[in-house]
Each structure stands twice: as structure tokens, then as C-alpha cells.
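The values are calculated or read from the model by the stated rules, or taken from the named source; none is laboratory data. As the structure is a prediction and not an experimental result, all values here were calculated from the model. No Cβ is skipped: glycine too gets one built from the backbone with ideal geometry, and neighbour counts run over all protein chains shown. When the accessible area is computed, the model is the full protein with side chains, heavy atoms only, and any ligands, DNA or RNA have been set aside. Shrake-Rupley method; radii C 1.70, N 1.55, O 1.52, S 1.80 Å.
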Amino acid sequence: MKISNLTSEQVFQALATSESGLTEAEANKRLQEFGPNEIEEVKGPSLLVKFLKQFTHFLAILLWIGAGLAFLSELLHPGGGMPALGFAIVGVIVINAVFAFVQEYRAEKSIEKLKLLLPFFVKVMRDGKEREIPARGIVPGDIVILSEGDKVPADSRLVDTTYLMVNNAPLTGESEPIPLQHEPRGGELMESGNVAFAGTTIVSGSGRAVVFATGMGTEFGRIAHLTGAVEAGLTPLQKEIVKTTRIIAFLAAIIGIAFFIVGYFIGRTFWENFIFAIGVIVALVPEGMLPTVTLALAMGSQRMARRKALIKTLASVETLGSVTVICTDKTGTLTQNRMEVKKFWFNGEMREAGRLRDSDRLPEIAYLCNNAKFIDGHYKGDPTEIALLRVVRETAGDLKTERLREIPFDSERKRMSSVNAVGGKVFAFTKGALENVLPLCNRMLLNGKEAPLDEENGKRAVDACHAMMDTGLRVLSFAFKEMDEKEVLHAGPETIERNMVFAGLMGIEDPPRPEVPDALKKCHDAGIRVIMITGDGSRTAVAIAREIGLVRGTPAVVEGTEFEIMSERELREKLAEQEVLFARMTPKHKLRIVSTLKEMGERVAVTGDGVNDAPALKKADIGIAMGISGTDVAKETAEMILLDDNFATIVNAVEEGKAIFENIRKFIGYFFTSNIAELVPYIIFVLFRVPLPLTIMQVLSVDLGTDMLPALALGAERPTKELMKQPPRSPKKRILDSRVLSLVFLLLGPIEAAAGLFGFSYVLKQGGWQWGEMLLPDNALYMQATTACLTGIVIVQIANVFVCRSFRESVFGIGFFSNKLIFAGIAFELALQLFIVYHPLGNRIFSTCPIPPSVWLVLIPFAIFLFAADEARKFIARKLRAGQVVPG
């Protein structure tokens, strides 16, 4: 017999469980029998396949061709030393493949670690008590407690429901909410209406269900393999890097061919020109750039996680740096979500929370129309409801009654109602926003008696509400009525919430987070607008906004009723204002705001925690879910999850996003400077009658040796103070824009090339070389000269790593010693260069020869000059920027 056909009692019997749930011992036994509640992932490519892929990408193929040509030339022209070059290029391919594989492997592992930061928890009954356990620990027979926003952890038969609606889109593709109930039904399971399936989400209402299938035994598990292993595509930034490297490789090939032809016409031999062409390609191709960028993005994600921001995709890291507007909730994000009842209004008087017992019905309604619980010495539930429960327990004690009905809170209705049996009578209790509760009432409780709710009494309630809101309190109103027990079961919400008695108001304080004002100032300095979108009233919103510094003047305030009749043109005008707040908003309103902002050309980040926030989170450029208070649906939809629900964390993440983009530009600028310095000697070799100043092996010693660790250290630079004073980055801004290229090609590259060529010519001059004299590759003077050229490039690169730490700020302004990794990178760079210059093995591999200390001394001024020249450029640029700022 199908489980959907059984009654609740039969379900308990069939699965050997009860309303109290399983015992821990039985649950552990079943976990061993059925295994963890997990969907087995389809295995992706093996590590070997991933490693082999590193030998077949565009740049690798280009280098394979170069190596093949080198070996071919040895066959056609023996004795030219080309096998060594061929093996060197193969070595480059292997080293680059290993480096790229290790970097990508580390990046993947870092993303896997991030996933572990946010496990999926489920509420269950175990040993008669409500507990929260990881979803993987669910077993058949467990009683799961479902509420709005939850993801269903396993296929479960419902045994109790209250207005339960579910979204079956993960299984059926249909996103329309479907009502579920717990009565027995025939037919197929999917059509039964009393089964909640794994992977689906609770849209509204609540319920309890008994798990009957877990893991791969669920409907979701059966179809999981159909999805296959989907490889994550490259991020836009990584695509740009691939495109850039291909363009550079193409240009390198063009330059090589062009100078090959020039060399032929000026009398160079075929083999001299061939060596030049291979050298140009190797010198210009940025072999380690893409894996370094991938690692920088992954490490940036880990840094964000340490700052309580979990980034789910690498693409989101890039997008964060270009955000222009942040649409944020108030409660729990700008405020601490530490609710406390401060005041209440009753009998026409405002009183402190400690005197709540003096009121008549108010404590009763606050306690009974409430889903928060006090379990094992801890309060559990919604923070607002916990505040109400706490104040009643502390002032009036616990109340024992039976709940007969519940009409759940709804973001559209902005109220909740319950029907309870109290002292032999039946009462309906309602709590919610004043404007949604007061219209339901025709009487008011005054001096313990019911008085007509006329215009005067209604105004007194509204004025009291406004007085509380103006002090930043969140205000809830309460109402009740006595009902006939016979009509309770069949009465609809309209009948229950009609002709009620207004009981009073409670003002709840939610203090602002202390770090929010500084975070808002950072946003203001960075040109990022912050728009508050809250369900609270406008007066509360304005009071809190002033307290935290979100608004300074008179903001434009839009309430829900006004918003619904507002035209698109009017909404755009409001959104164009510098300070705007949205109050009494619902999730569908949030979606419209986000959509309109995007149409206006803004790049939008939006926060959300409820199931109904999912459309807005998906529509935004960056959807941000709350890690503590957020529903499973919101977390799955969002690109970023705040592990502490804190607005300041969003700003920290934006700052990190900006820093990552800047750091990538820094180490690319650093790589390109040495590429220019390596290219110039080959151009000199073709155009002038001189020996080749830098061998291909020496080029490789820079690109895959001395440059690597300093470049990675640049990728770890922390955000500078000036970074958040720069306007948001346009998504169209390229990594290699005209500013970086002009700096590299017109200043840094030429100085570094001059250092290398000076070292080369200095040693030749000291050795008595005459212009036009060609030296053999194994000539001691020639090897010393090329060693001096290589050393000149390395020495100036040490200064260049400090220059590239910031393209705008002085290195002394950001802290000369603030990045310890830079000094570790320099130590490695110098150690490797000393090995290449003075160790016999280094001499043999790189065709170098020891040089006297005097050569180092004549090259050091070039490093000082490059550093000083760029510091002067930055100083002049800062003065020019300051001159553009108009006071006032």
C-alpha cells in the first residue's frame, strides 16, 4: 500500500516511529543501515585528465610548435645547439603545466572548503525533543519540522499541516506554489498532495512529516544522475585573461615573423633569425598568468570567508568590485537583531515594559499568538517573537493553553492570528502592523472594558504608534475577540479576523550595529549608494537611518501603499535621489526596485532572507543572503552569504572585490614590465650588429623563476585606504587599460630594459669588445655580459615589485613593510639569481658566468631611478587629482 494512502497513525506504524520521533540510538542504527542522506555527485574528470589538459591549451600548443621547430632545425642544421633550446621549451611547458595544475587544484580545494562553512541543518524530533541536526544525518522514520523558507531534506509523508504551500520546481520545473495537506490520498505520489519531496522548498505555512526515503532513494536522487557533471565555466575576468594571452601570443608571432624578415634583409643568417623568432615568442608569452589569476580569485574568496562573507562563485568576486548600489534590509543587517520590548501602550497610556503585567489582554496575546519557544533554557524562533515571549515570561510568567488554529504571518498581510482555548473559552488573537490590524477592529480595550473604536480612539492609537516609531522602535499592535467553539474549525481567515477588539501596542528596540556607521561612510566615500528597504514603518526607518548616518538631510520616503500606485517614471525619479528609503515593503516590491535600478544602468547588490526574496536575489547583480536568519531558499539563490548577517561585512566584501581586481592588475603590470625588458635585447640583436644580449634560457629563468613569488605576493596585497575612495569600477574596464599599458611601455619597461642593456654593454666594454665583433655562445666574456643583462633585469624587478604595489599611492603611504610576502618573494628572487650567477650548476643550465660585485653596484642605481621616477609620477598625479577637487 502506498504511503500516501495511509493515515497518520498508519504512517507511524509502518515506519516504526511515533510523534515523539526516534531515539538517538535508533537513529544511529538506521544511519548505519541506510547511509547518510546525501546525493552522490557525479565524478568529474580525474586528476590525470586535468593534468594532461594543461599540455593542450592554446599557449602550450604554441610552445610545442616552437620546441618542434627547434628539434627540426637540429636535424636540418646540426651543431647549432638547438636541442638544448628544444628541451628548454619542453621544460617550460612541463613547469607551466605543473604550476597551473597545482594552482587550479588549490583553487578547487579552497572552494570546497568554503562549502563546508555553511552546512544544511534540519529541525527534527528526537527522544521527544525538538533538535537541529545536519541534513545528512536524517534517516527514515525521523519526524521533521517544516516551516516557511525551509528546504525539504528527504522524501517525507506529512502528518500535520497548517496552510502549507510547497514549490516543486526542482522536480517538476513548475514554480507555482502547491498546497499540501496531511489527509490520506490515493493516486501517484507526485499527485497525492500529502508528500513533501527532497529538494523542494516550503513557500508558506508549517507542518510535520515522517521521512520515508533518503539520499539516492528519494525522487530527487533517482533523477540526479541525469544532470551529469556540469563543468563550471570561466569567469568573465578569466575569459579576458585568456583573450589577452592569445592576443599577446599572436602579436609575439607577428613580431617574430616581422623581425625574421628584417634580419634576412640586413644579412642575418636563417638560424640567427630563427633563434630570434623563438626568443620573442618565449619572452612575450605570459605563461603563468591565467593560473595565477585563478589562484588570486580563489584566495580572495577565502579572505572574504575569513571576514564572514561566503562567495559561492569566482565570478561574484569580480562583480563585487563594480557594485554602485546596495539595497539592504534594516532588521538584522543594519541592526543587531537583538530585539527587546521597551515600551507598551495600553488604556491610552505609554508605559515601560516592566509594567506589562498591569495590562489586561496584552501579555496573553503576545504569548499565545507566537511561535517562539523556550526549550532547554534557550529561546528559539523569530527574534521579534522571542522578544515578545521573553518579556511576557519575565513579567507575567508562563501561560498554559491549547492552540486550535493558526493563520501564519504573511508578508502581504503583515499579521498573524491564532485561535486558542483559554479558561474554558475560545479566543482569536491577532498581532501585526498597526495599519493592518486596526481596520479589523470595531472596539478598543479601555480601563478593562470594551469601548467603541471611534475616530478619536483610533487617532490616539495612531499617535502613540508614531511616538514610538519616532524614537526608532519597531511597533506591533495586538487585537482579540471571543469566538464560538463550533465555528472555529470551519471559519476562514476573514471570519476569524473580523470585528476584533484592539488591545494595545508594544514598542520593540533593535539597536543598530556599532560598525555600521563606519561602513556607510566607506560606501559614501566610494560612491556607492545605500538604499534601505524595510517592512517597518517610515518613521522607524527614518529614525534608524539618521542614527546610523544613512541619511543626513530630508530623505525621500516611499511607503508600500504609495509604491503600488507609482508609475515607472515616478519610481525612477525617486531612485535618482541621493537619499531614499522604502518602508512597509514586501518582497515583490523589492524585486521591482532592483529591476528598475538595473534598467537605470546601476550594478545592484541586494540583501534578502525570506523565501519570497529569492526573485530579487536572483535578479540582482549580486544577491546576498543572510547566513544566520536566512532561509534555505534565499541561501541557494544568492551568490554571497553573510555568515554574520552584518551590513559591514557586505562593505568588507566589496572592498575585497575591488582589491582582488587591483591586485590582478598589479601582478600583470609586474609581469609585463619584465616582458618588455626581455623583448628589447632581441630587437637590438636584429637591428644592430651585436651579440644576443639575453639567451632564451635566461628569459625563462625570469618568467618562471625569479618573477613568480613576488607576483604571487602582489596578489595578496590588502585593500588600501584609498581604494574605497575610488568610484565603482565599470564592468567594461579592462585589466590592461591604457593607463597600465602606458606606464609599462613608456616608463617601467624602458628603464628595466636600459638596465639590462647597460649591464651587457658595461661588461663587454670592460672586456675590450669592439663594435661589430660577434662572440661565440661559449665565450666567457659573452656569458658574463648576458649574465649582467639578466642581473640588471632582476635587480630592477625588485624595485618594480614595490612600484606595482599601488599605481596611485606612494608605497610609503600604504606601508613599506605592510606586505611581508613581498620580502619573502624578494629573498627567493635574490637567492635564485645568486644560484644562477655563481653556482656551477646554475652556470651550466642557464649559460651564465660569475660577475664581479662591481657589476651589481653599477646596476643598482637603475632600480633606485625606477623607484624614484614612479614615486614622482604618483606625487604629481596626486597633486593633479587634488587640484580637480572643488571645495564645498
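Could you grab the pairs with beta carbons closer than 9 Å, sequence gap of 6+ or different chains, first residue in segment 60-80 and free of Cβ contacts under 8 Å to residues at least 12 places away in the same chain and farther than 14 Å from GLY91 by Cα, second one open to solvent by 70 Å² or more (accessible area, probe 1.4 Å) and not aromatic (Phe, Trp, Tyr)?
Correct list of pairs: empty, since none qualify.
Right, GLY825: within 23 Å of ALA755 (Cβ to Cβ), under 38 Å from the mean Cα position of the chain (by Cα) and surrounded by 14 or more Cβ atoms within 10 Å (Cβ to Cβ) or not?
yes
Quick grid of which residues meet (1) at pLDDT 85 or above; (2) farther than 30 Å from ALA831 by Cα; (3) of a type in the set (Asp, Glu); (4) surrounded by fewer than 22 Cβ atoms within 10 Å (Cβ to Cβ):
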site	(1), (2), (3), (4)
PRO681	yes, no, no, no
LEU687	no, yes, no, yes
LEU694	yes, no, no, no
GLN698	yes, no, no, no
GLY705	no, no, no, yes
LEU709	yes, no, no, yes
LEU712	no, no, no, yes
ARG718	no, no, no, yes
LYS721	no, yes, no, yes
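Search segment 736-762 for residues that are closer than 21 Å to ALA780 by Cα and pair each with any residue that is among the polar types (S, T, N, Q) and part of a helix (DSSP H, G or I) when their beta-carbon atoms are under 7 Å apart and the residues are at least 6 apart or on different chains.
Pairs found: GLY759/THR791; PHE760/THR786.
Please specify each residue of segment 363-384 satisfying the condition of being at pLDDT 90 or above, in a helix (DSSP H, G or I) and closer than 16 Å to ARG415 by Cα.
ILE365, ALA366, TYR367, LEU368
Kindly state which strands (runs of 3 or more DSSP E) lie completely within segment 115-177 and contain at least 3 residues that are at pLDDT 80 or above and open to solvent by 60 Å² or more (accessible area, probe 1.4 Å).
Per the criteria, 129-134.
I'd like to check something: does segment 404-416 contain any residue that is more than 18 Å from SER629 (Cβ to Cβ), in contact (Cβ under 8 Å) with a residue 24 or more places away in the chain, open to solvent by 50 Å² or more (accessible area, probe 1.4 Å) and assigned to a helix (DSSP H, G or I)?
no
Residues that are under 23 Å from LYS308 (Cα atoms) and of a type in the set (A, V, I, L, M): which strands (runs of 3 or more DSSP E) entirely in segment 526-626 hold 3 or more of them?
529-533, 604-608, 622-626
Please enumerate the residues belonging to segment 429-458 that are closer than 30 Å to PRO512 by Cα and in a helix (DSSP H, G or I).
In the first step, residues of segment 429-458 are kept if they are closer than 30 Å to PRO512 by Cα; the result is 430-438.
Result: LEU434, GLU435, ASN436, VAL437, LEU438.
Residue check, ALA543 against (1) crowded, with 22+ Cβ neighbours inside 10 Å; (2) in contact (Cβ under 8 Å) with a residue 60 or more places away in the chain; (3) not charged (D, E, K, R), all met but one. Which one?
With respect to (1) crowded, with 22+ Cβ neighbours inside 10 Å; (2) in contact (Cβ under 8 Å) with a residue 60 or more places away in the chain; (3) not charged (D, E, K, R), ALA543 is out only on (1).
For segment 721-767, name all the residues that are over 23 Å from TYR670 (Cβ atoms) and either touching a Ser or Thr at 6+ places or on another chain (Cβ under 6 Å) or in a helix (DSSP H, G or I) (or both).
Scanning segment 721-767 gives MET724, LYS725, PRO728, PRO731, SER761, TYR762, VAL763, LEU764, LYS765, GLN766.
Taking the options VAL606, VAL530, name whichever one is in contact with a His (Cβ under 9 Å, 6 or more places away or on another chain) and under 25 Å from THR384 (Cβ atoms).
That would be VAL530, the only listed residue that is in contact with a His (Cβ under 9 Å, 6 or more places away or on another chain) and under 25 Å from THR384 (Cβ atoms).
Test LYS425 against the stated conditions and say whether it is within 25 Å of PRO511 (Cβ to Cβ) and of a type in the set (Lys, Arg).
Against the criterion (within 25 Å of PRO511 (Cβ to Cβ) and of a type in the set (Lys, Arg)), LYS425 does not qualify.
Taking the stated definitions as given, is ILE565 open to solvent by 50 Å² or more (accessible area, probe 1.4 Å), free of Cβ contacts under 8 Å to residues at least 24 places away in the same chain and either aliphatic (A, V, I, L, M) or touching a Leu at 6+ places or on another chain (Cβ under 6 Å) (or both)?
Criteria met by ILE565.
Inspect segment 777-795 for any residue being among the charged types (D, E, K, R), farther than 20 Å from TRP856 by Cβ and exposed (fewer than 15 other Cβ atoms within 10 Å of the Cβ) and give the result as yes or no.
yes
Can you confirm whether ALA451 is among the hydrophobic types (A, V, I, L, M, F, W, C), open to solvent by 20 Å² or more (accessible area, probe 1.4 Å) and in contact (Cβ under 8 Å) with a residue 12 or more places away in the chain?
On the way: among the hydrophobic types (A, V, I, L, M, F, W, C): yes; open to solvent by 20 Å² or more (accessible area, probe 1.4 Å): yes; in contact (Cβ under 8 Å) with a residue 12 or more places away in the chain: no.
For ALA451, the condition - among the hydrophobic types (A, V, I, L, M, F, W, C), open to solvent by 20 Å² or more (accessible area, probe 1.4 Å) and in contact (Cβ under 8 Å) with a residue 12 or more places away in the chain - is not met.
Could you tell me whether segment 454-471 includes any residue that is under 40 Å from the mean Cα position of the chain (by Cα), modelled with pLDDT under 95, open to solvent by 30 Å² or more (accessible area, probe 1.4 Å) and of a type in the set (S, T, N, Q)?
yes
If I ask for residues that are under 30 Å from GLY86 (Cα atoms), touching a helix residue (DSSP H, G or I) at 6+ places or on another chain (Cβ under 9 Å) and in a loop (DSSP other than H, G, I, E, B), which ones from segment 9-55 would you list?
If the condition is that a residue be under 30 Å from GLY86 (Cα atoms), touching a helix residue (DSSP H, G or I) at 6+ places or on another chain (Cβ under 9 Å) and in a loop (DSSP other than H, G, I, E, B), then GLN54, PHE55 are the ones that fit.
List the number of the failed condition for THR401; all other conditions in (1) at pLDDT 90 or above; (2) in contact with a strand residue (DSSP E or B) (Cβ under 7 Å, 6 or more places away or on another chain) hold.
Here THR401 clears every test but (1).
Filter segment 365-398 down to the residues that are within 22 Å of GLY458 (Cα to Cα) and out of contact with any strand residue (DSSP E or B) (no Cβ under 6 Å at 6 or more places or on another chain) and list them by number.
Passing the criteria: only ALA366.
Just wondering, is there one or more residues in segment 655-670 that are out of contact with any Phe, Trp or Tyr (no Cβ under 7 Å at 6 or more places or on another chain), touching a residue at least 12 places away in the same chain (Cβ under 8 Å), farther than 19 Å from LEU297 by Cβ and buried (at least 24 other Cβ atoms within 10 Å of the Cβ)?
Within segment 655-670, none of the residues are out of contact with any Phe, Trp or Tyr (no Cβ under 7 Å at 6 or more places or on another chain), touching a residue at least 12 places away in the same chain (Cβ under 8 Å), farther than 19 Å from LEU297 by Cβ and buried (at least 24 other Cβ atoms within 10 Å of the Cβ).
Here is a list of conditions, (1) farther than 30 Å from ARG878 by Cα; (2) assigned to a helix (DSSP H, G or I), and GLU773 meets all of them except one; can you say which number that is?
Condition (2) is where GLU773 drops out.
Out of the residues in segment 178-195 that are in a loop (DSSP other than H, G, I, E, B) and at pLDDT 85 or above, state the one that is surrounded by the most Cβ atoms within 10 Å (Cβ to Cβ).
ASN194
Residues in segment 489-500: is at least one modelled with pLDDT under 90, over 19 Å from THR335 (Cβ atoms) and either within 37 Å of the chain's Cα centre (by Cα) or buried (at least 17 other Cβ atoms within 10 Å of the Cβ) (or both)?
Within segment 489-500 (the criterion being modelled with pLDDT under 90, over 19 Å from THR335 (Cβ atoms) and either within 37 Å of the chain's Cα centre (by Cα) or buried (at least 17 other Cβ atoms within 10 Å of the Cβ) (or both)), the answer is yes, since at least one residue qualifies.
Going by the conditions given, is GLU38 touching a Gly at 6+ places or on another chain (Cβ under 9 Å), open to solvent by 70 Å² or more (accessible area, probe 1.4 Å) and modelled with pLDDT of 75 or more?
Judged against the criteria, GLU38 is a match.
Out of everything in segment 308-335 that is in a loop (DSSP other than H, G, I, E, B) and at pLDDT below 85, what residue ends up being most open to solvent (accessible area, probe 1.4 Å)? Before you say what the answer is, go through the steps one by one.
Within segment 308-335, the subset in a loop (DSSP other than H, G, I, E, B) is 308, 312-313, 321-324, 329-334.
From what's left, at pLDDT below 85: 312-313, 321, 331-332.
Details: LYS312: 79, THR313: 63, GLY321: 1, THR331: 41, GLY332: 3 Å².
Selected residue: LYS312.
Tell me yes or no: at least one residue of segment 434-442 is more than 51 Å from the chain's Cα centre (by Cα), more than 19 Å from PRO363 (Cβ to Cβ) and either among the hydroxyl-bearing types (Ser, Thr, Tyr) or at pLDDT 90 or above (or both).
Checked against the condition, which is being more than 51 Å from the chain's Cα centre (by Cα), more than 19 Å from PRO363 (Cβ to Cβ) and either among the hydroxyl-bearing types (Ser, Thr, Tyr) or at pLDDT 90 or above (or both), segment 434-442 yields no hits at all.
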